[in-house]
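To keep things clear, I will list the structure first and then write my remarks on it.
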Amino acid sequence: MSAAERYDAFCQRLYRRAVPWLAPGLRYSQAYYEDALAAAVQPGVRWLDLGCGHHVLPEWRLEQEKRLVAAAGLAVGADRDLPAMRQHRSLRLRVGSDIGQLPFASGSFDVVTANMVVEHLPAPDRQFREIHRVLAPGGRFLFHTGNLYGYYIAVSRLIPEFCKRPLARLLQGRVAEDVYPTCYLANSSGQVKRLAAATGFEAPRFVRFP
């Protein structure tokens with residue numbers, strides 16, 4: 001584990017210990033995502049994780065991540081960032097690919113997921129259409145992303161892109177290579193409803209986190 005990852009793990013441990021005292025009942029949004037992922041990735045399911053990077057769940061949820069991957073009938077990761085993907089800790093099947101041009105036959109997967117990825121999509125119409133193509137009939141696209149109207153994104157949009165990498169390193173211990181440009185073109189219920197209607201998906205279901 002790198003120094004940045006150790007620092008991030010330390011901050012997360014501190015956060016988890018402080019939350020019960022500071023905000024009883026508050027859950028991290030990644031915990032809600034993990035619950036939804038566990039419900040979707042059932043035994044035998046063919047699963048594609050987009051923008052997989054080097055992990056599916058947060059750093060401290062390694063054992064839970066391994067169980068999820070082991071449960072799937074097929075678990076594949078796809079990412080444009082080849083160096084990050086080569087370091088993936090649980091997915092053995094990995095493909096270097098742009099989301100807008102996936103190298104899979106139509107109907108290849110039962111579940112497609114994206115954890116904090118869709119905010120980076122520059123052409124979500126094309127990319128959602130491609131995701132719909134690789135899903136089998138009745139398949140699900142499950143993604144976790146920030147709310148366009150939440151305070152976090154409101155502040156983030158005010159920060160110039162050239163400042164985000166040093167700030168992410170300072171505040172979150174993230175290496176520069178793990179910070180990507182954001183577009184926020186699929187980050188509100190209105191945007192997602194429009195994209196779903198335009199790309200063949202049924203009406204989306206939203207779960208908002210505090």
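The values are calculated or read from the model by the stated rules, or taken from the named source; none is laboratory data. Just so it is clear, the structure is predicted and the values come from calculations on it, not from any experiment. Backbone-built Cβ (ideal geometry, glycine too); neighbour counts: all protein chains shown. The accessibility values were calculated without ligands, DNA or RNA, using every heavy atom of the protein model including side chains. Shrake-Rupley method; radii C 1.70, N 1.55, O 1.52, S 1.80 Å.
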**Request:** Would you point out the residue of region 24-53, among those that are open to solvent by 40 Å² or more (accessible area, probe 1.4 Å) and on the phi > 0 side of the Ramachandran plot, that is farthest from the chain's Cα centre (by Cα)?
**Result:** 25
**Message:** Report every pair of residues separated by at least 6 positions or lying on different chains whose Cβ atoms are under 7 Å apart, first residue within region 118-139 and surrounded by fewer than 16 Cβ atoms within 10 Å (Cβ to Cβ), second at pLDDT below 95.
**Reply:** 122/183
**Prompt:** Is it true that residue 109 is at pLDDT 90 or above, surrounded by fewer than 21 Cβ atoms within 10 Å (Cβ to Cβ) and closer than 25 Å to residue 40 by Cβ?
**Reply:** no
**Prompt:** Is there any pair linking a residue in region 184-210 that is closer than 14 Å to residue 118 by Cβ to one that is in a loop (DSSP other than H, G, I, E, B) and open to solvent by 50 Å² or more (accessible area, probe 1.4 Å), with Cβ under 6 Å and at least six apart or on different chains, and which?
**Reply:** 189/206
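Return the only residue of 195, 185, 142 being in a loop (DSSP other than H, G, I, E, B), out of contact with any Cys (no Cβ under 6 Å at 6 or more places or on another chain) and either modelled with pLDDT of 90 or more or within 25 Å of residue 61 (Cβ to Cβ) (or both).
Checking each option against the conditions leaves just 185.
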**Complete:** Residue hits (region 55-86; touching a Leu at 6+ places or on another chain (Cβ under 9 Å) and in a loop (DSSP other than H, G, I, E, B)) are 55, 56, 57
**Message:** Suppose we filter region 54-93 for residues that are closer than 26 Å to residue 125 by Cβ, surrounded by fewer than 20 Cβ atoms within 10 Å (Cβ to Cβ) and not hydrophobic (A, V, I, L, M, F, W, C); how many remain?
**Reply:** 2
